[in-house]
Amino acid sequence: MSNVRRNGIAVVAVIGAMVGAARPLAAVDGVIEINQARALAGGPGDEPGFPVTIYASGSYRLTSNLSVGSDTDAILVRPMEDRR
C-alpha cells in the first residue's frame, strides 16, 4: 500500500473518530448518553457548551463527569414550549 493511500486512510479514520465522539450518543437500549464531548458539541435542540438543555422526554444517561465552572449549570431540563 502506498504512503499516500495509507495516510489518507489514517486521516479518514481520525476524522471519523472525532465526529463520532462529538455527536450525541444513543446507547443500544435507546437511552441518550450525556457526556463532556456531547455537551461541548451540542446536539438536537441544544447549543454547544453548557448547560446541556433537555427539551424532549425520553431516557438519558450521564456517562462521564461534566467539567463546568462554579457559576454554570451543567444540565437544564425545560419544557418543549420554552424551546426557541
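Computed from the coordinates by the stated procedures, all read-outs in this text should not be read as laboratory data. Only a predicted model underlies this, so the values are computations on that prediction, with no experimental measurement involved. No Cβ is skipped: glycine too gets one built from the backbone with ideal geometry, and neighbour counts run over all protein chains shown.
Of note:
- Extension gain, Y55 to D71: 0.36 nm times the residue separation minus the Cα-Cα distance gives 3.6 nm.
- For V52, distant residues with modelled amide H under 5 Å away: I75, L76
- The local environment of T63, defined by Cβ-Cβ distances under 11 Å, has a net charge of +1 under the rule Lys, Arg +1 and Asp, Glu -1.
- Under-5 Å amide H pairs with I34, H placed in peptide plane, nonlocal only: R61, L62, T63
- The charge dipole of segment 24-82, taken about the Cα centre with unit charges on the Cβ atoms of Lys, Arg (+1) and Asp, Glu (-1), comes to about 180 debye, rounded to the nearest 20.
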